[in-house]
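J.: One structure is given below, represented as structure tokens, and several questions about it will come after.
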Amino acid sequence: MTQAIGTTAGSDGIAIRRRRRPATPYVLLIPAVAALLIGLGYPVYWQIVTSLQEFGLMQQFGAPPTFVGLDNYARIFTDAEVWSVVAKSIAFCLVNALLTVGIGLGLAVLMRAVSGWVRITMQITLLLAWATPLVAAVTVFRWLFDYRTGVVNWIFVQSGFESFDGYNWLGNVWTFFMVASFIVIWMSVPFVALSIYAGLTQVSEEVLEAARIDGAGSRQILWRIIMPLVRPVIAIVLLLQIIWDLRVFAQIRLLQDAGAPIAETNLLGNYIYELGVGSQDFAGAAAVSLFVLVLTMVLSGPYVRYLMKEDAA
Amino acid sequence: MKRTRLVAATAASTITLAMALTACASDDTEAPADSEETTSESGEVEPGDLTLWVAGGDTPDELREYLVDTFEAENEGSTLTIEEQDWGDLVTKLTTSLPDAENTPDVVELGNTQAPTFTNAGAFREISPELYEELGGDNLLQSFVEAGSVDGTVYALPYYFGSRYMFYRADIWSDAGIEVPTTLAEFGDAVTELRTDDMSGFALGGQDWRNGISWVFANGGELAVKEGEEWVSTLSDENTIAGLEQWQDVYEGASNVPATERDVAYWDFLNDKAEGGAPDAATIMAPGWARWSIGDLTENDEGEEVRDGMADDSKFDIFALPGVDGGVAPVFAGGSNMAVSAQSQHPELSENLLRIIYSDEYQTMLAENGLGPANTEFNSIMETDKFGEITVETAENSKLTPAAPGWAAVEGASVYEELFQKIAEGGDVTELAAEYDETITPMLNGQAG
């Protein structure tokens, strides 16, 4: 709407119309802004206030909190453990987001290429994986990788790798995150694949036909024609994946419950939970949460700017 | 197309913001609500809907039904709803629900190790001296009463106790020519000898500190002591270190369970495997009710396949963990406390519920169901078989974790799980003890850390 006004602001007649700004758009914005302020503004406000106080279980049960300024931030960010958690979270988030989008893109392109019933089988399979409740999915993976009775160890042993008998996948930080990545990717690939596939169906047949007439091979069509056209969709799903994978919590928590080194496998969400809810350091948890808010904006900022630019272009 | 993208971008940035707000800050604390019950003119308590939280599945259905029926019969017009909370989430749920007058459960069960934290934070309503006497007074299990008291005022009462003892495969032990040990060192040697590649002599996960601290207590060690006003973690005390090192030897010598495991269903390890061969363990340590998951397969009245509860005592048997110089080792006292929320809107009805829980009938039912009764006068009801006898014997020698205000924080942050895992992995006990003393001491005193 603003765009329409902006691009036609050249002539005098319209400049006059610009001066009497219609009130309706602003009125229409009120519900959205109010919802944002109540739903997000208030919690953020409390988060900030809490992070500047000494706030523990006593305060939760009514003792007046004391204002401590930036003490919580100083305490949290001089703690080496926090930085190790941050580094692990960013690495986990980027690796998983890129792998998820990569695999999803591959499946989408494949779905476009295969014939009807194969595609429908693929779509149903993907939807079933997507529809599996989180706890059920993690439980299945816990059973698959169980050190005593898991089928993964059994397969390794059956194919001659005796050293995997009783191998504890969740006991080592690296293999723990590998199993966690399997779960995260397995659960989010369907969304990415189906979204990108939906984008692919919007590529018009005429454009492709024109390309073919101009002598483009199928590889060229894929990389030069189709990919640029679905780039906005890929950008959006990648952005969403980065945000989702940064706030991964339940998968890690449920895997830790199966027996894992806890402190070493904490990601940001789990660390905040353990700090706030587990050890009742609500102020410290609030400080880390605000840091995560900033981190998310920094990580996703370039994408949001890119999407805005795409729109303006 | 363009508009779609704008909407998508806006939505995405909104979602970014929304999702980044991971941990929720605490709610604003409401001023303590007026907790005086409005009484009608006749002096009768106004009817209300009472909520009781029980933790885990330890309270059998029969007992729950008794509470509901009795309460509703004695308090006309009132109802009682029993909600079961998961042990794992209990601290979280209590932290968020108890301060909220609108949503607080009226009466709650919580772990005895969690009781000091919430009691110190002012989460519970005081139990008046008159009521305390009425509910059993000094006959109530005193170590649990202390866990629920601050400066002589009682807030949380014992609910039930359990204790841990050893379940073992008598056939495997006697085939190996090993007698039931009489000292803790003999126990370690015996289970180390019994271990094979396929069978733990004593199945024990590395993170299972609630079993592990028995070795600390047996060696005269303490986890923490109160020095003046401050709690101090005493892992570096020489007795504590001796206990931890002895436990490390037992774990390394006798257990095939990974160092990262905890709360494993050990009772399964004792049963014969479906495919034959040695069981996964010759010995386990578990609370008394584990008995019903151990034994040979049999059919119950409904025709379901169940374990026979260790009917064959030449195959399955029990003993109490022996002490360093013989006798019985002080094991970790499991169990629960019961308290009324300070924010409860129905304090008088809640007290009526407590009167039912601490009645002779209910205490008898607890004892008959193998739960150590809060009122020690009813212990004798349990001592009708070897399981009951050993429960009472070990409970009399059992010990609680420190009653420090920050103890629940130590548990909530899984600090002991981590420490015991590192010891199980062969870490240097003295160094680890010093390191974790520094972590734990500030947490014990309720300081953020």
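The values are calculated or read from the model by the stated rules, or taken from the named source; none is laboratory data. Remember, predicted model here, so these are calculated numbers, not experimental data. Cβ sites come from the backbone with ideal geometry, for glycine too, and all protein chains shown count toward neighbours.
J.: List the helices (runs of 4 or more DSSP H) that sit entirely inside region A:143-234 and contain at least 1 residues that are within 12 Å of another protein chain (Cβ to nearest Cβ), modelled with pLDDT of 85 or more and over 30 Å from B:G205 (Cα atoms).
T.: Counting at least 1 such residues, we get A:173-201.
J.: May I pose another question? Looking at (1) within 12 Å of another protein chain (Cβ to nearest Cβ); (2) not in a helix (DSSP H, G or I), find the lone condition where A:A32 falls short.
T.: For A:A32, the exception is condition (2).
J.: Could you look through region B:440-449, keep only residues that are touching a strand residue (DSSP E or B) at 6+ places or on another chain (Cβ under 8 Å) and within 13 Å of another protein chain (Cβ to nearest Cβ), and pick out the one that is surrounded by the most Cβ atoms within 10 Å (Cβ to Cβ)? Outline the logic, then answer.
T.: In the first step, residues of region B:440-449 are kept if they are touching a strand residue (DSSP E or B) at 6+ places or on another chain (Cβ under 8 Å); the result is B:440-441, B:444-445, B:448.
The next check asks that each one be within 13 Å of another protein chain (Cβ to nearest Cβ); those that pass are B:440, B:444-445, B:448.
Numbers: B:I440: 28, B:L444: 22, B:N445: 18, B:A448: 23.
Applying the filter and picking the extreme gives B:I440.
J.: Right, something else. Filter region A:45-58 down to residues that are facing chain B (nearest Cβ under 9 Å) and not in a helix (DSSP H, G or I) and give me whichever is surrounded by the most Cβ atoms within 10 Å (Cβ to Cβ).
T.: So the residue we want is A:F55.
J.: Would you pick out the residues in region A:250-267 that are at negative phi and at the interface with chain B (Cβ under 7 Å from one of its Cβ atoms)? Before the answer, list the steps.
T.: If we filter region A:250-267 for residues that are at negative phi, which is where we start, we get A:250-258, A:260-267.
Within region A:250-267, A:A260, A:P261, A:I262, A:A263 qualify.
J.: Here's a follow-up. Return the residues of region B:418-434 that are surrounded by fewer than 24 Cβ atoms within 10 Å (Cβ to Cβ) and either in contact with a strand residue (DSSP E or B) (Cβ under 6 Å, 6 or more places away or on another chain) or at the interface with chain A (Cβ under 8 Å from one of its Cβ atoms) (or both); say none if nothing qualifies.
T.: The answer is B:E418, and nothing else.
J.: Conditions: (1) hydroxyl-bearing (S, T, Y); (2) within 11 Å of chain A (Cβ to nearest Cβ); (3) not in a helix (DSSP H, G or I). B:T51 meets all but one. Number of the miss?
T.: (2)
J.: Sticking with this one: Could you say whether any residue in region B:104-125 is more than 23 Å from the chain's Cα centre (by Cα), of a type in the set (D, E) and over 24 Å from B:I390 (Cα atoms)?
T.: Checked region B:104-125: no residue is more than 23 Å from the chain's Cα centre (by Cα), of a type in the set (D, E) and over 24 Å from B:I390 (Cα atoms).
J.: Does B:R125 satisfy the condition of being farther than 30 Å from B:M382 by Cα and buried (at least 19 other Cβ atoms within 10 Å of the Cβ)? Walk me through how you get there before you give the answer.
T.: Numbers: farther than 30 Å from B:M382 by Cα: yes; buried (at least 19 other Cβ atoms within 10 Å of the Cβ): yes.
Yes: the conditions hold for B:R125.
J.: When you look at A:Y273, is it on the phi < 0 side of the Ramachandran plot and crowded, with 18+ Cβ neighbours inside 10 Å, yes or no?
T.: Spelling it out, A:Y273 is indeed on the phi < 0 side of the Ramachandran plot and crowded, with 18+ Cβ neighbours inside 10 Å.
J.: From the list B:T96, B:T119, which residue is among the hydroxyl-bearing types (S, T, Y), over 24 Å from B:T376 (Cβ atoms) and within 14 Å of another protein chain (Cβ to nearest Cβ)?
T.: B:T96
J.: Which pairs turn up if I take residues in region A:280-297 that are over 20 Å from A:D245 (Cα atoms) and within 7 Å of chain B (Cβ to nearest Cβ) and look for partners that are among the aliphatic types (A, V, I, L, M) and assigned to a helix (DSSP H, G or I) with beta carbon separation below 6 Å, at least 6 apart in sequence or on another chain?
T.: Between residues of region A:280-297 that are over 20 Å from A:D245 (Cα atoms) and within 7 Å of chain B (Cβ to nearest Cβ) and residues that are among the aliphatic types (A, V, I, L, M) and assigned to a helix (DSSP H, G or I), the close pairs are A:Q280/A:L57; A:Q280/B:A409; A:D281/A:L275; A:G284/A:I76; A:G284/A:L275.
J.: Tell me whether region A:242-249 contains one or more residues that are in a helix (DSSP H, G or I), within 18 Å of A:A137 (Cβ to Cβ) and within 7 Å of chain B (Cβ to nearest Cβ).
T.: No: region A:242-249 contains no residue that is in a helix (DSSP H, G or I), within 18 Å of A:A137 (Cβ to Cβ) and within 7 Å of chain B (Cβ to nearest Cβ).
J.: A further question on this structure: Go through B:V250, B:V257, B:V264 for me and flag whichever is touching a residue at least 40 places away in the same chain (Cβ under 8 Å) and touching a helix residue (DSSP H, G or I) at 6+ places or on another chain (Cβ under 7 Å).
T.: After applying the criteria, what remains is B:V250.
J.: Here is a follow-up. Out of B:L80, B:L90, B:L110, B:L94, I need the residue that is in contact with a helix residue (DSSP H, G or I) (Cβ under 9 Å, 6 or more places away or on another chain), surrounded by 14 or more Cβ atoms within 10 Å (Cβ to Cβ) and in a helix (DSSP H, G or I). Which one?
T.: B:L94
J.: How many of the residues in region B:353-371 are more than 12 Å from B:T59 (Cα to Cα) and part of a loop (DSSP other than H, G, I, E, B)?
T.: Selection size over region B:353-371: 2.
J.: Take region B:120-150 and flag every residue that is part of a helix (DSSP H, G or I), without any contact (Cβ under 8 Å) to a residue 40 or more places away in the chain and among the hydroxyl-bearing types (S, T, Y). First the steps, then the outcome.
T.: Here is the first cut: in region B:120-150, the ones part of a helix (DSSP H, G or I) are B:120, B:129-135, B:137-139, B:142-147.
From what's left, without any contact (Cβ under 8 Å) to a residue 40 or more places away in the chain: B:129-130, B:132-133, B:137-138, B:142, B:145.
Answer for region B:120-150, where residues must be part of a helix (DSSP H, G or I), without any contact (Cβ under 8 Å) to a residue 40 or more places away in the chain and among the hydroxyl-bearing types (S, T, Y): just B:Y132.
J.: Further question on the same structure: Can B:T117 be described as surrounded by fewer than 20 Cβ atoms within 10 Å (Cβ to Cβ), assigned to a helix (DSSP H, G or I) and in contact (Cβ under 8 Å) with a residue 40 or more places away in the chain?
T.: Working: surrounded by fewer than 20 Cβ atoms within 10 Å (Cβ to Cβ): no; assigned to a helix (DSSP H, G or I): yes; in contact (Cβ under 8 Å) with a residue 40 or more places away in the chain: yes.
No, not satisfied.
J.: Turning to a different aspect of this structure: Collect the residues in region A:277-313 that are crowded, with 22+ Cβ neighbours inside 10 Å and of a type in the set (F, W, Y), keeping them in residue-number order.
T.: The answer is A:F282, and nothing else.
J.: Sticking with this structure for a sec: Is at least one residue of region A:59-69 assigned to a helix (DSSP H, G or I) and either over 30 Å from A:I225 (Cα atoms) or modelled with pLDDT of 95 or more (or both)? Walk me through it before giving the result.
T.: Step one: of region A:59-69, the residues assigned to a helix (DSSP H, G or I) are A:59-60.
Then keep just the ones that are either over 30 Å from A:I225 (Cα atoms) or modelled with pLDDT of 95 or more (or both); that gives A:59-60.
Yes, that holds for at least one residue.
J.: Can I ask one more? Name the residue that is farthest from B:W292 (Cα to Cα), counting only residues in region B:244-271 that are among the charged types (D, E, K, R) and assigned to a loop (DSSP other than H, G, I, E, B).
T.: The selected residue is B:E261.
J.: How many residues are assigned to a loop (DSSP other than H, G, I, E, B) and either over 25 Å from the mean Cα position of the chain (by Cα) or over 10 Å from B:V429 (Cα atoms) (or both) when one looks only at region B:221-235? Let's see the steps before the verdict.
T.: We begin by selecting, within region B:221-235, every residue assigned to a loop (DSSP other than H, G, I, E, B); these are B:221-223, B:228-229, B:234-235.
Subsequent filtering for residues that are either over 25 Å from the mean Cα position of the chain (by Cα) or over 10 Å from B:V429 (Cα atoms) (or both) retains B:221-223, B:228-229, B:234.
Total meeting the criteria: 6.
J.: Taking region A:173-198, which residues are without any contact (Cβ under 8 Å) to a residue 40 or more places away in the chain and surrounded by 15 or more Cβ atoms within 10 Å (Cβ to Cβ)? Walk me through it before giving the result.
T.: Just the residues of region A:173-198 that are without any contact (Cβ under 8 Å) to a residue 40 or more places away in the chain, to begin with: A:174-175, A:178, A:198.
A:T175, the sole residue that qualifies.
J.: Report whether or not A:L307 is under 21 Å from B:T95 (Cα atoms), aliphatic (A, V, I, L, M), modelled with pLDDT under 90 and assigned to a helix (DSSP H, G or I).
T.: no
J.: For region B:158-188, which residues satisfy the criterion of being of a type in the set (V, I, T) and crowded, with 16+ Cβ neighbours inside 10 Å?
T.: B:I172, B:I178, B:V180, B:T183
J.: Follow-up. Find the residue count for region B:252-295, including only residues that are of a type in the set (F, W, Y) and either away from chain A (no Cβ under 14 Å) or on the phi > 0 side of the Ramachandran plot (or both).
T.: 3
J.: Considering only region B:273-309, state which residues are closer than 21 Å to B:D171 by Cβ and among the charged types (D, E, K, R).
T.: The answer is B:K273, B:E275, B:D280, B:R291, B:D296, B:R307, B:D308.
J.: Could you please tell me which pairs satisfy a Cβ distance under 6 Å, a separation of 6+ or placement on different chains, a first residue in region A:238-261 that is touching a residue at least 24 places away in the same chain (Cβ under 8 Å), and a second residue that is hydroxyl-bearing (S, T, Y) and in a loop (DSSP other than H, G, I, E, B)?
T.: So the pair list comes out as A:R247/B:T22; A:G259/B:T260; A:A260/B:T260; A:P261/B:T260.
J.: When the residues of region A:140-169 are narrowed to those that are of a type in the set (A, V, I, L, M) and within 20 Å of B:F269 (Cα to Cα), which ends up surrounded by the most Cβ atoms within 10 Å (Cβ to Cβ)?
T.: Filtering first and then ranking leaves A:L144.
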